[in-house]
Amino acid sequence: MKINEENACNAFIEILREIKGIEYEIIDYPEERNRKIPDVEVILAPKGEDYSYPKIAVEHTIVEAHQEQFKYVNQLKGIEKEIDQKCQGKLPIDYCFSLIAPPSLIAGLNKKNREKFVEEISNWIPGAAKSLTWDRHSSRL
């Protein structure tokens, strides 16, 4: 099991303990036992063989929030990296910025339009960043 999967399962066990007051433990790793057939990550059972509570199958996975989310995220990360490089040394150092763009915009960019988008937004960001004000109540720009 990967470390992020193990961490997610352990967090889930902690959440069950906090919400339900039931101590669960991992009793089986089906996916580790049979790597040829994708299966659930782990099987949980109440500690101390308390059979009044059910066993639970846990699968660590990602559900897309919208169609083609993975494609969008990968494209946006590449664009963010390019924009970040172009904006180096031009942004206030005591602020943190995030780029969010509509999926339909990013997914629809061909190479020529992508290059134009990166260039234009990279030129726009430094000026816009300087005009942002700090909202001390929400700790957000």
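Worth a mention:
- Exactly one residue among 18, 68 is of a type in the set (Asp, Glu) and surrounded by 10 or more Cβ atoms within 10 Å (Cβ to Cβ), and that residue is 68.
- Number of residues in segment 46-70 that are part of a helix (DSSP H, G or I) and modelled with pLDDT of 80 or more: the value is 4.
- Breaking point among (1) under 20 Å from residue 8 (Cβ atoms); (2) at pLDDT 85 or above, for residue 39: (2)
- Residues located in segment 11-45, provided they are more than 19 Å from residue 61 (Cβ to Cβ), part of a helix (DSSP H, G or I) and either of a type in the set (A, V, I, L, M) or in contact with a helix residue (DSSP H, G or I) (Cβ under 7 Å, 6 or more places away or on another chain) (or both): 19
- Yes/no for residue 76 being of a type outside the set (S, T, N, Q), under 30 Å from residue 127 (Cα atoms), touching a Pro at 6+ places or on another chain (Cβ under 9 Å) and part of a helix (DSSP H, G or I): yes
- Failed item in (1) of a type in the set (A, V, I, L, M, F, W, C); (2) surrounded by 16 or more Cβ atoms within 10 Å (Cβ to Cβ); (3) at pLDDT below 80, with residue 76 passing the rest: (3)
- Residue 85 being assigned by TED's automatic domain parsing to the domain that holds residue 123, within 30 Å of residue 125 (Cβ to Cβ), at pLDDT 85 or above and part of a helix (DSSP H, G or I): yes
The values are calculated or read from the model by the stated rules, or taken from the named source; none is laboratory data. It should be emphasised that the depicted structure is a prediction, and the values quoted were computed from it without experimental measurement. Reconstructed Cβ throughout: ideal geometry from the backbone, glycine too, with neighbour counts over all protein chains shown.
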